[in-house]
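Report on the structure given below.
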Ligand SMILES: Nc1ncnc2c1ncn2[C@@H]1O[C@H](COP(=O)(O)OP(=O)(O)OP(=O)(O)O)[C@@H](O)[C@H]1O
């Protein structure tokens, strides 16, 4: 299912199995850099599994098998010659639970640019760290304590640090798997605001259980049910005028 946009990342006929169990059944979806896409649907419908196919995070699950075509700027991300470390820098991920490294705030952000050779010297590295923290809306809160441990920050700050860490390696796509589910409403609002500011710079795909959040942060929404993509379209249409009965039942709270 696609509506016109500049495709940054494209998934065609994707199937995923965990052992004998099929978790994703023939899903095709494209994502552009000019909008945020929400993946919604009841628990266990395959949102996270599908999200993880977009940067090969399922490679880390031995029982998982992925079939189909997924391309980033037309390049097959499952090609044997694809460098997965490089791919995960281009398609960054933010997880449900903030997971900063047990290192300083500075090092959390500097680590990626350093291993990917993005800074020629210490000054440039410092500039990348500052720019990433600014873009993640965290700079003012941490600029005087960059050597403190990232794990000493509040949950919401840790999540923004993880976003800064993803941004630091200049990604093209940012995947977010329920990034606010461990956060209080104020920290959630800050992340939502941040998603809004990052829109247009990166293709952003967010899995969320929270339909109000999907309506607030995304311009496109995909509704999944039992491993299949039921409906995809402009977020405003999905929430006000869904074409499928199952979408309507879900958004009106009849199941989920
Ligand atoms: N590592 C795994 N091994 C085996 N089965 C798995 C694994 N991860 C997910 N599954 C199964 O695949 C299906 C899809 O799970 P997935 O986590 O992708 O759904 P989801 O829509 O993201 O759910 P939730 O909203 O509860 O996080 C479920 O039936 C789940 O039990």
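Over all directions, what mean area does the Cα convex hull of the chain project, stated in square nanometres?
Values: hull surface 54.7 nm².
Spelled out: convex hull of the Cα atoms, projected over all directions, averaged, 13.7 nm².
Working from Cα positions, state the angle (0 to 90°, nearest 10) between the long axis of helix 105-115 and the longest principal axis of the chain.
80 degrees
Report, please, the projected area of region 130-179 averaged over directions, based on the convex hull of its C-alpha atoms, in nm². Each step should come with its number before you reach the end.
On the way: hull surface 14.4 nm².
About 3.6 nm², averaged over all directions.
Would you work out if region 157-256 is rounded, prolate or oblate? Take a ≥ b ≥ c from the square roots of the eigenvalues of the alpha-carbon gyration tensor; rounded if a/c is under 1.5, else prolate when a/b is larger than b/c, oblate otherwise. Numbers along the way, then the final one.
Numbers: a/c = 2.23, a/b = 1.76, b/c = 1.27.
Since a/c reaches 1.5 and a/b is larger than b/c, the shape of region 157-256 is classed as prolate.
What is the log10 of I(q)/I(0) for region 17-80, computed with the Debye formula using one identical point scatterer on each Cα and no solvent, at q = 0.14, 0.20, 0.21 Å⁻¹?
Debye intensities relative to I(0), on a log10 scale: -0.44, -0.89, -0.98.
So, R0 is 35 Å and r is the distance between the beta-carbons of residue 114 and residue 254; what FRET efficiency does that work out to, to 0.05? Don't skip to the answer; put the middle values down first.
Numbers: r = 50 Å, r/R0 = 1.43.
According to the calculation, E is roughly 0.10.
With everything on Cα atoms, drop me the angle between helix 185-198 and the longest principal axis of the chain, reported from 0 to 90° to the nearest 10.
90 degrees
Can you give the % of DSSP beta bridges in region 7-251 that are antiparallel, to the nearest 5? Display every interim value, and only then the final one.
On the way: 25 of 43 bridges.
Around 60 percent antiparallel, to the nearest 5.
Rank 136, 168, 79 by mean-square fluctuation in a GNM of the chain with C-alpha springs under 10 angstrom and give only the top-ranked residue.
So, out of 136, 168, 79, the one fluctuating most is 79.
Measure of size requested: the Rg and Dmax of region 157-203, with Cα atoms as the atom set and Å as the unit; please supply both.
Reported Rg and Dmax, both Å: 10.4, 29.
Order 89-95, 54-60, 144-150 from most to least packed using the mean count of other Cβ atoms within 10 Å.
Details: 89-95: 21.1, 54-60: 18.6, 144-150: 14.4.
Highest to lowest by the protection proxy: 89-95, 54-60, 144-150.
Percentage of Cα-Cα pair distances in region 1-123 greater than 25 Å, rounded to whole percent? Mind dumping the intermediate values first?
Numbers: 2475 of 7503 pairs.
Taking all Cα-Cα pairs of region 1-123, the fraction more than 25 Å apart is 33 percent.
Based on the mean of other Cβ atoms within 10 Å per residue, sort peptides 45-52, 208-215 so the most packed one is first.
With the highest mean Cβ count within 10 Å placed first, the list reads 45-52, 208-215.
Here, each number is a calculation from the coordinates, and none is a lab measurement. What you are looking at is a predicted structure, and each value in this text was computed from that prediction instead of being measured. Cβ coordinates were reconstructed from backbone atoms using ideal geometry, including for glycine residues, and neighbour counts include every protein chain displayed.
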